[in-house]
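Novice: Would you mind keeping the following structure in view while I ask a few things?
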Amino acid sequence: MTLRDALFAALAFLALVACNIAGGYVAALLRLPVPGTVIGILILLGALLAYGRVPDPLRRVAVFLLAHLNLLYVPAGVGVLAYVALVRNDLWPIVVVLFVSTFLSMIASALAFHWTAKLTARKEDGE
Amino acid sequence: MSEAGLAAMDWGRLGEGSFWLALTIAFYVAARRLQQVLGGTPLANTVLVAAIPLMAILYWFGIPVSEYQRGGWLLLWVLGPATVALAVPLYLNFAHVRVALWPMCAALLVGPAVAVISGLILAEAMGARIETIRSLAPKTVTTPIAMGIAREIGGIPELTAAFVIFTGIIGAVFGAALFNAIGMRDARTRGFAMGVISGGIGTARAFQESFLAGTFSGVGMTLSGILTAIVLPLVWLAFF
């Protein structure tokens, strides 16, 4: 990695930070009950659609960050230690909800996707 | 984010926290090695494997979590821009996304709705407290977005972050077996359902299955985050 690459990577990361912060401002300004990060994704998507391609440094930084998402989740996981008291009180409902509703909703999503894909494919065949 | 669980942005004390930052990265690298050694099994989830020894160290030495977060907040802060980076695969896979538009809409509407409603009913029936129920509601959404939703609807963002992570781990660990059991073999179906429900951790797992599954998982995670972030606070404020 040359100094030039590092500089462009830093710029690409700053662009992501800027989208995230801008998203937060837009959400606050318009009083949207939507987290700023969501608006940030839409801002970047809009910018990419307008630009017509992904600049190389941005693609590299995005791939790197998304490959190591799990590292970024670790402090949030450790943070739950501060809430052990609250979790302990509702331990069984939490455990049951996490497992059962995750299983049910995953099956429901997969079936919804599968059946709709079959339905729309058949319609296209018929035309 | 000034609660004990997740410290605020605090550049001035990052020096004191850099030990914990380094330790977190070290445990994460070790967790990746372990998963590689074990043949990439979803059981050795890197978040779980890295977080457990850190929690044990804090607990064992009686160190408050706020002390750890003097370094830890930096990674959590990077999660915001990293989530914005999802716009890149979304843009790159726009053609794929357009073709599967209707199946994706169906899965996006049904999956999170089943998750929220089944979670609400079960948690109510089992007598969970209102803050817990509110914190559980956005658990299928990727962390930074879910924490924002929890804040909007009166949950505890830090608790929600933990629930998102556990939902991700449960999906990543059991998803493949679940899809096999109901005869879902198509990579797009498996990936999308995984991303919609199990977010970033599920997406990491889907990429191990195939590139197509991972791509659809990333798209599912982004779209479900956007949709749930818009719909859930509005529905919640209207009904509760």
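Novice: Mean residue ellipticity at 222 nm from the helices of chain B, using -39,500 (n - 2.57) per DSSP H segment of n ≥ 4 over the full residue count, to the nearest 500 deg cm²/dmol?
Specialist: -27000 deg cm²/dmol
Novice: Please give me the summed charge of the neighbours of residue A:114: other residues whose Cβ is under 15 Å from its Cβ, Lys and Arg +1, Asp and Glu -1.
Specialist: Computed value for this residue: +4.
Novice: Pick out which of B:183, B:202, B:191 has the largest mean-square fluctuation in a Gaussian network model of chain B, springs linking Cα atoms closer than 10 Å.
Specialist: In the Gaussian network model the winner is B:183.
Novice: While we're looking at this one, here's another question. Would you please classify the overall shape of region A:81-127 from the alpha carbon gyration tensor, given that a ≥ b ≥ c denote the square roots of the eigenvalues, rounded means a/c under 1.5, and beyond that prolate means a/b larger than b/c while oblate covers the rest?
Specialist: Judged from the Cα gyration tensor, region A:81-127 comes out prolate (a/c at least 1.5, a/b above b/c).
Novice: Right, next: Under a 10 Å cutoff between Cα atoms, tell me which one of B:75, B:136, B:223 has the largest fluctuation in the Gaussian network model of chain B.
Specialist: Looking only at B:75, B:136, B:223, the biggest GNM fluctuation is shown by B:75.
Novice: Note down the net charge around residue A:99, summing +1 for each Lys or Arg and -1 for each Asp or Glu among other residues with Cβ under 15 Å from its Cβ.
Specialist: So the surrounding residues net to 0.
Novice: Follow-up question, since we're still on this one. At 37 °C and a viscosity of 0.692 mPa s, what translational diffusion coefficient does Stokes-Einstein give for the protein assembly as shown, taking Rh as the Kirkwood radius over Cα pairs? Give it in µm²/s as a whole number.
Specialist: Diffusion coefficient, whole number: 160 µm²/s.
Novice: Among all helices in chain A defined by DSSP H, which have a length of 30 Å or more along the axis from Cα atoms plus a Kyte-Doolittle mean of at least -1.0?
Specialist: Qualifying helices, which must be both long enough and hydrophobic enough, are A:3-29, A:91-126.
Novice: Over the whole of A:87-94, what's the average partner chain Cβ count within 10 Å per residue? Rounded to a whole number, please.
Specialist: 6
Novice: Still on this structure, I have one more. GNM on chain A, C-alpha springs below 10 Å: top fluctuator among A:17, A:80, A:95?
Specialist: Looking only at A:17, A:80, A:95, the biggest GNM fluctuation is shown by A:95.
Novice: Another question, then. Expressed as a whole number of Å, what is the distance separating the alpha-carbon centroids of region B:169-240 and region B:92-159?
Specialist: Going from one Cα centre to the other spans 11 Å.
Novice: Quick one: putting +1 on the C-beta of Lys and Arg, -1 on the C-beta of Asp and Glu, what dipole do you get for the protein assembly as shown around its Cα centre, in Debye to the nearest 20?
Specialist: 480 debye
Novice: Each label point is 7 Å from the Cα along the Cα-to-Cβ direction; what then is the distance between the points at residue B:177 and residue B:101, in nm?
Specialist: For the pair residue B:177/residue B:101, the computed spacing is 3.9 nm.
Novice: So what's the gap between the Cα centers of region A:58-127 and region B:26-56, to the nearest angstrom?
Specialist: If we compute the Cα centre of each part, the gap is 19 Å.
Novice: Counting only trypsin sites (Lys or Arg not before Pro) that sit in a DSSP loop (anything but H, G, I, E, B) with at most 15 other Cβ atoms within 10 Å, what is the longest stretch of chain B containing none of them?
Specialist: After excluding every exposed loop site, the longest remaining stretch is B:1-128.
Novice: Another question, then. How big is the charge dipole of chain B about its Cα centre, in debye rounded to the nearest 20, if each Lys and Arg gets +1 on its Cβ and each Asp and Glu gets -1 on its Cβ?
Specialist: 520 debye
Novice: Another question, then. What does the average come to when, for each residue of peptide B:98-106, you count the partner chain Cβ atoms lying within 10 Å of its Cβ?
Specialist: What the average comes to for B:98-106 is 5.
Novice: Further question on the same structure: Only counting other Cβ atoms within 10 Å, I'd like A:101, B:210 sorted with the fewest neighbours first.
Specialist: B:210, A:101
Just so you know, all these numbers are worked out from the coordinates, no wet-lab data involved. Because the structure is predicted, anything quoted here is derived from the model rather than measured. We place every Cβ from the backbone using ideal geometry, glycine too, and count neighbours over all the protein chains shown.
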